[in-house]
Amino acid sequence: MNPLQKIHNHYAPRIRESEPGWKILDWASEQGQRLRFETLAKHLRKSGAESLTLLDVGCGTADLFAFLQNELPAIHYTGVDLLAEIVAEAKRRHADAQILQGDVFDGTVFPPRSFDVIFCSGVFNLDLGNNETFVPRALSVLRALARRAVVVNFLHARAANKFAGCHYYAPETIMALCQPLAPRVELDEGYLENDFTVVMRH
């Protein structure tokens with residue numbers, strides 16, 4: 001089964017109008033999702049959040065859009081997701097958000113340096129059989145899209161409870177991949193036991 005089919009088979013059956021976004025996207029809890037959003041907000045403020053453009057890669061049901069409207073309303077949000085079904089549900093929930101369907105990693109959806117900040121949350125969590133080869137290429141694509149920063153999170157190798165079907169990463173491995181791509185790379189691993197965030201700043 002190819003990676004696209006695995007992604008579709010995992011998420012598409014979970015889409016229900018009555019289901020909260022964090023359950024559709026298979027996060028462990030609403031609090032965990034919010035802590036990831038708060039970590040992004042912290043790094044956005046460090047970037048100077050006034051009127052930044054942000055691309056939410058793998059936006060899912062675009063819960064981040066609602067979060068930012070409350071926390072950082074000056075951010076100009078665009079969401080993009082691979083699955084047409086999820087994009088349709090995100091647009092239903094957030095009719096005033098800019099949400100697109102497409103594969104950012106094929107390099108044809110947006111030209112380089114299209115956004116100030118790129119956020120990528122949960123995109124690398126599923127074990128697709130090609131994670132270790134895909135992630136380095138994906139990070140390079142994300143870096144090329146951003147004018148100021150890339151903020152991306154991963155499941156942490158130290159997690160006590162690892163779920164079948166998920167892929168876990170060592171922070172030092174991801175940092176080593178990021179350091180050639182940006183002059184400043186930051187590791188944030190204090191907000192959840194099973195997650196960490198890497199920030200590439202230009």
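The values are calculated or read from the model by the stated rules, or taken from the named source; none is laboratory data. This structure is a prediction, so every number in the text was calculated from the model and none was measured. Every residue, glycine as well, gets a Cβ built from its backbone with ideal geometry; the counts of neighbours run over all protein chains shown.
Filtering Leu44, Leu55 for residues that are assigned to a helix (DSSP H, G or I) and either in contact with an Asp or Glu (Cβ under 6 Å, 6 or more places away or on another chain) or not acidic (Asp, Glu) (or both) leaves a single hit, Leu44.
Tally up the residues in segment 92-102 that are in contact (Cβ under 8 Å) with a residue 24 or more places away in the chain and surrounded by fewer than 19 Cβ atoms within 10 Å (Cβ to Cβ), please. I'd like the intermediate steps shown before the answer.
Filtering segment 92-102 for residues in contact (Cβ under 8 Å) with a residue 24 or more places away in the chain gives 92-94, 97, 99.
Applying the additional criterion that residues be surrounded by fewer than 19 Cβ atoms within 10 Å (Cβ to Cβ) yields 92-93.
Summing the residues that are in contact (Cβ under 8 Å) with a residue 24 or more places away in the chain and surrounded by fewer than 19 Cβ atoms within 10 Å (Cβ to Cβ) in segment 92-102 gives 2.
Pairs are defined by a Cβ separation below 7 Å, a sequence spacing of at least 6 or placement on different chains, a first member in segment 57-76 that is over 13 Å from Lys91 (Cα atoms) and in contact (Cβ under 8 Å) with a residue 40 or more places away in the chain, and a second member that is among the polar types (S, T, N, Q) and crowded, with 22+ Cβ neighbours inside 10 Å; the pairs so defined are Gly58/Ser121. Of all residues in segment 165-188, which are under 19 Å from Val123 (Cβ atoms) and small (Gly, Ala, Ser)? Passing the criteria: Gly165, Ala170, Ala182.
Looking at segment 33-44, can you tell me whether even one residue there is farther than 28 Å from Pro112 by Cβ, modelled with pLDDT of 90 or more, acidic (Asp, Glu) and under 15 Å from the mean Cα position of the chain (by Cα)? Even if it seems obvious, please write down each step before you answer.
Taking segment 33-44 and keeping what is farther than 28 Å from Pro112 by Cβ, we get 33-35, 38.
Next, from what is left, pick out any that are modelled with pLDDT of 90 or more: 33-35, 38.
Next cut, acidic (Asp, Glu) only: 38.
Keeping just the survivors that are under 15 Å from the mean Cα position of the chain (by Cα) gives 38.
Looking for residues that are farther than 28 Å from Pro112 by Cβ, modelled with pLDDT of 90 or more, acidic (Asp, Glu) and under 15 Å from the mean Cα position of the chain (by Cα), one finds at least one in segment 33-44, hence yes.
Applying the set (1) modelled with pLDDT of 95 or more; (2) within 27 Å of Tyr77 (Cα to Cα) to Thr108 leaves exactly one unmet item: (1).
What residue, among those in segment 103-132 that are hydroxyl-bearing (Ser, Thr, Tyr) and more than 23 Å from Asn194 (Cβ to Cβ), is surrounded by the most Cβ atoms within 10 Å (Cβ to Cβ)? Before the answer, list the steps.
Narrowing segment 103-132 to residues hydroxyl-bearing (Ser, Thr, Tyr): 108, 114, 121.
After this cut, where a residue has to be more than 23 Å from Asn194 (Cβ to Cβ) as well, the list is 108, 114.
Values: Thr108: 9, Ser114: 15.
Among them, the one singled out is Ser114.
Taken over segment 104-132, the criterion of being acidic (Asp, Glu) and in contact (Cβ under 8 Å) with a residue 40 or more places away in the chain is satisfied by Asp116, Asp127.
Residues are listed down the side, and each one gets a yes or a no for (1) closer than 18 Å to Ser29 by Cα; (2) basic (Lys, Arg); (3) buried (at least 16 other Cβ atoms within 10 Å of the Cβ); (4) under 18 Å from the mean Cα position of the chain (by Cα):
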{"position": "Leu139", "(1), (2), (3), (4)": "no, no, yes, yes"}
{"position": "His156", "(1), (2), (3), (4)": "yes, no, yes, yes"}
{"position": "Asn161", "(1), (2), (3), (4)": "yes, no, no, no"}
{"position": "Tyr169", "(1), (2), (3), (4)": "no, no, yes, yes"}
{"position": "Asp188", "(1), (2), (3), (4)": "no, no, yes, yes"}
{"position": "Met200", "(1), (2), (3), (4)": "no, no, yes, yes"}
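Within segment 149-202, track down each residue that is farther than 21 Å from Asn130 by Cβ, touching a Ser or Thr at 6+ places or on another chain (Cβ under 7 Å) and assigned to a strand (DSSP E or B). Ala149, Val151, Asp188, Thr197, listed by residue number.
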